[in-house]
Structures are given as C-alpha cells and as structure tokens.
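Beneath this line is the structure, given in structure tokens, with notes to follow.
Just so it is clear, none of the values below were taken in a lab; they were calculated from the coordinates. As the structure is a prediction and not an experimental result, all values here were calculated from the model. Please note: Cβ atoms are built from the backbone with ideal geometry, for glycine as well, and neighbour counts cover all protein chains shown.
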C-alpha cells in the first residue's frame with residue numbers, strides 16, 4: 001500500500017481546537033495494564049450520603065489491596081473503613097468478600113464503579129470462612145477492617161480481571177434480619193502461577209510547561225533588567241507549587257521529561273534581578289530569585305541520566321499554524337533554540353524530534369506542520385486515528401503514518 005494512501009486512511013479527519021492554553025495533563029503512552037485500573041479504583045472513596053438506605057446504608061472505603069495482581073500461592077490482604085450513613089444503629093455487622101464473574105470487555109470494567117446497589121447475581125455469594133465481625137455500628141461512626149484470604153480460596157478460574165467486592169452485612173432496628181447494607185467493589189487482575197507472557201510496557205511523558213511569563217519589556221538600565229507582567233510563576237516554583245511538585249515527584253519516577261525551553265529561560269532570568277509591573281505603572285522588584293535557583297537546581301538533579309524531550313521554544317500551537325497559517329520558518333528557529341537552551345541550562349542534550357499538538361489531536365495538516373521543523377514523532381491520541389482493521393483496542397503506541405513519521409498514540413480515555 002502506498003504511504004500516502006495509508007496516511008489518508010489512518011486519520012479520522014478530526015480537527016483539533018485552535019486553543020492557546022498549553023498546560024497539559026500527563027498522557028500515559030502505550031497500552032495500560034488492567035492491573036492499573038485496580039489501583040485507581042482503590043483510591044476512590046465512596047460518596048458520602050447524609051441518609052443512607054438499603055445497600056447504601058453503610059459506606060465502604062477500600063484503602064489498600066495487596067498484592068495488586070496475585071498468583072495462586074499468594075495471600076490477599078484488603079483493608080479499609082466502614083461508616084454508618086443511616087439513621088439507625090447497625091447490629092451484628094460483619095465484613096465479607098464476594099467475587100463476581102470474569103470481566104471480558106473494557107466496558108464491563110468501567111461499569112464496576114457505577115453499579116452501586118448490591119446485586120446478588122452480579123456480586124456473587126459471600127466467601128465462606130473469611131469474614132470479620134464489626135458488631136454494633138452507630139450512625140455516623142466508622143470502623144477499620146482488614147481481611148486476609150488465600151488467593152486459592154477465591155476459586156478463580158481463567159486468567160483475567162474479576163470484580164472483588166467488600167460487603168457489609170447486618171441488621172437494623174426497623175428490619176431485624178441480616179442483609180447486605182453496603183458494598184464496595186474493586187478490580188482483581190488474576191494470572192495463575194506458571195503463566196507466562198510479555199509484559200506491557202508503559203511510558204509516561206512528564207510535561208514541564210507553563211504560560212509565557214517573560215516578555216520583551218526591559219528596564220532602560222545597562223543590564224536591561226527584564227520586566228515581568230506579574231510574579232505568578234514564583235508561586236508555581238515555590239514549595240507546594242505546581243511546578244515544584246512536578247519536579248519533586250518526577251525525580252523518583254521513570255518518566256520522559258517534556259520541557260518547554262521558554263520556561264527554563266524564564267526561570268533562569270528570575271535567578272537574577274528582575275522587575276514586576278505594578279498596578280499603577282510603577283515597577284517593583286521581583287521576589288522569586290531564591291525559589292527560581294532552588295527549582296533549577298532540583299530540576300538539574302531530576303533529569304540527570306533521564307530522557308529529555310525539548311518542545312520548540314515557547315511551545316507554539318502547531319494546530320493553529322496548520323489551520324490559520326503562519327511563518328513556518330519561525331518554527332524551525334524555535335526548535336533550534338530549544339536544543340541550545342536546554343543544553344545550556346540543564347547540561348543535557350535533549351531530543352527535538354517530537355511534536356505535541358494541543359490535546360494530542362491531529363489531522364494531516366497538523367502532522368505536516370509538526371514535521372516541517374524536523375520532528376518525526378507526533379504525540380497524539382487514539383481518537384485521532386483509526387485502529388488497524390477496525391480493532392477495538394490499541395495494539396501498540398508506535399504507529400507508522402507515512403513519510404517516515406511515527407505517531408506515538410496515547411489512550412484517549
């Protein structure tokens with residue numbers, strides 16, 4: 001098949017928005033293991049109800065599940081908290097475990113978190129011999145629980161993902177018989193011992209990007225002291241700020257750093273004397289020198305030995321350039337300046353062969369502009385492409401899209 005024809009058939013024809021807001025969320029690349037879905041579900045606390053009834057009377061929070069993906073020889077430990085959201089005291093309460101049927105589709109996995117009321121058919125029977133007594137639970141009172149069960153006692157069959165439910169059973173003064181008063185589900189990936197397979201690889205792009213803060217305005221002194229429109233960036237760099245937290249978290253993770261060199265140049269300028277435009281037109285001294293120096297030092301340590309991608313200087317919106325027109329020569333200059341800036345400030349040689357359109361949305365014109373400055377890898381998302389042969393899943397993140405270019409496809413959801 002000719003590359004041009006293949007390229008044309010690959011795209012859905014979506015048009016990315018011509019937006020200018022450049023702060024992106026982190027996009028995980030490649031297929032994501034179902035086991036990660038279990039970890040996500042664990043952190044979600046139930047919505048508080050002022051007056052719970054039925055199987056919503058007792059709210060259950062699952063705080064931890066270990067191991068996340070057990071084998072036949074493992075013991076599973078699950079812990080959390082139960083809280084009485086009803087108006088009556090619950091008596092003879094106990095915690096139990098329930099295992100539902102194998103989940104075979106992504107939609108079924110998504111629905112687990114939405115099926116709030118207890119369903120005897122969907123949630124399965126309570127596992128015999130593995131319960132924890134709670135006793136009386138007054139309205140508004142919480143109790144912690146921990147259950148440990150050998151994985152073999154769950155009687156799981158084929159490998160895959162199963163719904164694991166923690167249920168609370170008891171009785172109330174108005175209905176003095178035992179019934180399920182609360183349930184919380186999570187996902188249990190299961191792979192029998194001895195099973196072998198190729199592990200899914202996951203890459204995370206870790207973006208250090210901000211709005212533009214450094215302008216062309218300077219004082220008329222010999223040093224041409226820069227004038228910032230505000231000192232908002234200092235708050236992002238300070239302890240607890242967004243950019244400070246990104247560096248603090250990213251330094252201990254295996255991530256690919258994606259950096260707008262304009263941010264580096266701006267922070268580097270803040271390490272020296274700078275002015276901030278005042279409300280009455282009178283400039284005042286900037287106060288971010290200390291946090292700027294600290295942040296750059298921490299970033300240099302964090303990226304040491306890691307892969308670094310430099311976006312074109314100023315992270316230009318290539319979708320707007322593609323659809324609204326513009327001087328593409330400036331994009332080439334911005335790419336060349338990007339490599340020099342990162343190398344000078346961070347002492348690392350970055351890759352400049354990646355383009356990241358706004359929100360990862362692409363069409364043919366966006367790809368043409370993105371690759372015009374030397375990028376051969378386009379960071380995009382799955383809803384901008386058609387999967388081969390109409391496949392309902394993404395077989396791999398790296399997709400050839402013609403012209404020697406590769407789409408690095410993130411899961412749109």
√(5λ) per eigenvalue of the Cα gyration tensor, segment 35-190, largest first, Å: 26, 16, 14
task: Calculate, for residue 235 and residue 106, the FRET efficiency according to 1/(1 + (r/R0)^6) with r their C-beta to C-beta distance and R0 41 Å; round to the nearest 0.05.
output: 0.55
task: Please sort 336-342, 239-245, 258-264 by packing, taking for each peptide the average over its residues of neighbouring beta carbons within 10 angstrom, highest first.
output: 258-264, 336-342, 239-245
